[in-house]
1. Going by the conditions given, is A:Gly168 over 18 Å from A:Glu24 (Cα atoms) and more than 10 Å from chain B (Cβ to nearest Cβ)?
2. How many of the residues making up the stretch B:89-115 are basic (Lys, Arg), in contact (Cβ under 8 Å) with a residue 40 or more places away in the chain and in contact with a Pro (Cβ under 8 Å, 6 or more places away or on another chain)?
3. Against the conditions (1) over 24 Å from A:Phe60 (Cα atoms); (2) more than 8 Å from every other protein chain (Cβ to nearest Cβ); (3) touching a Ser or Thr at 6+ places or on another chain (Cβ under 8 Å), where does B:Ile72 fall short? Just the number, please.
4. Suppose we filter the stretch A:106-138 for residues that are facing chain B (nearest Cβ under 7 Å) and over 16 Å from B:Gly122 (Cα atoms); how many remain?
5. When you go through (1) touching a Ser or Thr at 6+ places or on another chain (Cβ under 9 Å); (2) modelled with pLDDT under 95 one by one for A:Ala52, which number turns out not to apply?
6. Looking at (1) in contact (Cβ under 8 Å) with a residue 12 or more places away in the chain; (2) of a type outside the set (A, V, I, L, M, F, W, C); (3) surrounded by fewer than 21 Cβ atoms within 10 Å (Cβ to Cβ), can you tell me which one B:Gly192 breaks?
7. Looking only at the stretch A:1-17, filter to residues that are in a loop (DSSP other than H, G, I, E, B) and of a type outside the set (Gly, Ala, Ser); which one of those is surrounded by the fewest Cβ atoms within 10 Å (Cβ to Cβ)?
8. When the residues of the stretch A:141-152 are narrowed to those that are within 11 Å of chain B (Cβ to nearest Cβ), touching a helix residue (DSSP H, G or I) at 6+ places or on another chain (Cβ under 8 Å) and in contact (Cβ under 8 Å) with a residue 40 or more places away in the chain, which ends up surrounded by the most Cβ atoms within 10 Å (Cβ to Cβ)?
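The values are calculated or read from the model by the stated rules, or taken from the named source; none is laboratory data. Everything quoted here is computed from the prediction, not taken from an experiment. Here the Cβ positions follow ideal geometry from the backbone for every residue, glycine too, while neighbour counts run over all protein chains shown.
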Number of protein chains: 2
Amino acid sequence: MTYQLHYWPGLQGRGEFVRLALEEARADYVDIVRAPKERGGGVGALMKAMAAPDEPFIPFAPPFLKDGDLLISQTANILAYLAPRLGLAPEGEARRVFAASLQLTVADMVVEAHDAHHPIAGGLYYEDQKEAAKARAADFIANRIPKYLGYFERVLRRNPDGPEHAVGDSLTTVDLSLFQLVAGLTYAFPRGMAPFPEACPLLLRLCDAVAARPNIAAYLVSARRVPFNESGIFRHYPELDQDGAWSVDEA
Amino acid sequence: MTYQLHYWPGLQGRGEFVRLALEEARADYVDIVRAPKERGGGVGALMKAMAAPDEPFIPFAPPFLKDGDLLISQTANILAYLAPRLGLAPEGEARRVFAASLQLTVADMVVEAHDAHHPIAGGLYYEDQKEAAKARAADFIANRIPKYLGYFERVLRRNPDGPEHAVGDSLTTVDLSLFQLVAGLTYAFPRGMAPFPEACPLLLRLCDAVAARPNIAAYLVSARRVPFNESGIFRHYPELDQDGAWSVDEA
């Protein structure tokens, strides 16, 4: 059965965390808004799926995945559903529960990365909340980036199965999502992220290893990878970036 | 085995969503920061658990739950772990997956309810971001409350098992969390929530039914229920509240 990924066109957004899992596994999937109309694609197909009058399990927002009759929404939930099917889940309940918590912590940081440029309202233009965005982005760089990335660095250092993966001893959706998170932050805040390689050597190594995986490397240079841009979560507005001066504790 | 709930003292916060599940099920649990020191309680015990050098599955932040050796963090993840153990999970994979998505949508709205009074930085005082908070709260009342609560109302209306529950035909953690969400919003924004009873009759009925459940009713009048206050997620600052004028679509 072909998975149908439903997400907005023209931006990576939250859909990208799902795409990376599907691409790594070379899963049979169609990115609905980018499929031709005659094959049931386009934004109209997304809107239609969101408003389907007979759908019992309606989504609040994209991304959502359709697997046959089943509609699964919320990024972390989609990944929890896909991970065991794609060979991207860790072994055992303790590790699965931990992976789920990490996936949710990634999701929390994604909200904050978005709100760094939209602190007042998602429905308003950036230009109409730029002053508040400057204040929020400054705090994000000074306090939140170090707190989150320092946490993930500690997670790698503590992993009883070794620091090559966030959880367990093989690749999971969490590793893929951490790659995307760091890539997005580095795009949006190159000055703020300057301390990253030195502060987070294990996370850096993980991100490099993900980028070098054959399926991911092929995907990243394909037309399927939407470039980062100023419609997405991670936006590069130079006026919001500033020099980061952070390290992470060794605990 | 006694569950240990670790959460900050003096506020309901995200811990409350977990407490409601434990209380409804009359589970054997201890709220660590409120337990006496000589029984291993207090804020020191929380801080010690957060910094435990031998913990492989470290939390980013409270709340977290300890079940024997297992540490589970992130509110929605804790509830996903507890739900089947407490008889608060729906039957079957489709409903469990949907319940998980609803729990995450509640979590998203909780972030927005918090950021309505702290749009710039969680580490700054409210007084230092009051002007931005006024703008964000106005948008929250005008756009986000109707969007989220309208969605949950539709979820109830669509439930193939009947509108008494968010998912399935019996009580789940989602129902308990929706009760808490509506209670918090009503505390924080009494003017903004004035349209709620008329706009969301099914959600109102669900909340009343939850509040009337014997274990929940007993909990709500007990000393274990921390009152809403201005340290929590849902804060009543009259200057942030304004008249709501919303309805929800019938789709």
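1. Details: over 18 Å from A:Glu24 (Cα atoms): no; more than 10 Å from chain B (Cβ to nearest Cβ): yes.
Criteria not met by A:Gly168.
2. Going through the stretch B:89-115, the residues basic (Lys, Arg) turn out to be B:95-96.
Still in the list and also in contact (Cβ under 8 Å) with a residue 40 or more places away in the chain: B:95.
Now drop any that are not in contact with a Pro (Cβ under 8 Å, 6 or more places away or on another chain), which leaves none.
Summing the residues that are basic (Lys, Arg), in contact (Cβ under 8 Å) with a residue 40 or more places away in the chain and in contact with a Pro (Cβ under 8 Å, 6 or more places away or on another chain) in the stretch B:89-115 gives 0.
3. Here B:Ile72 clears every test but (2).
4. 2
5. In the conditions (1) touching a Ser or Thr at 6+ places or on another chain (Cβ under 9 Å); (2) modelled with pLDDT under 95, A:Ala52 misses (1) alone.
6. The failed condition is (3).
7. Step one: list which residues in the stretch A:1-17 are in a loop (DSSP other than H, G, I, E, B), which gives A:1-2, A:7-14.
Narrowing the set further to residues that are of a type outside the set (Gly, Ala, Ser) leaves A:1-2, A:7-9, A:11-12, A:14.
Numbers: A:Met1: 8, A:Thr2: 10, A:Tyr7: 23, A:Trp8: 17, A:Pro9: 16, A:Leu11: 19, A:Gln12: 24, A:Arg14: 23.
Within the stretch A:1-17, the match that is surrounded by the fewest Cβ atoms within 10 Å (Cβ to Cβ) is A:Met1.
8. A:Phe152
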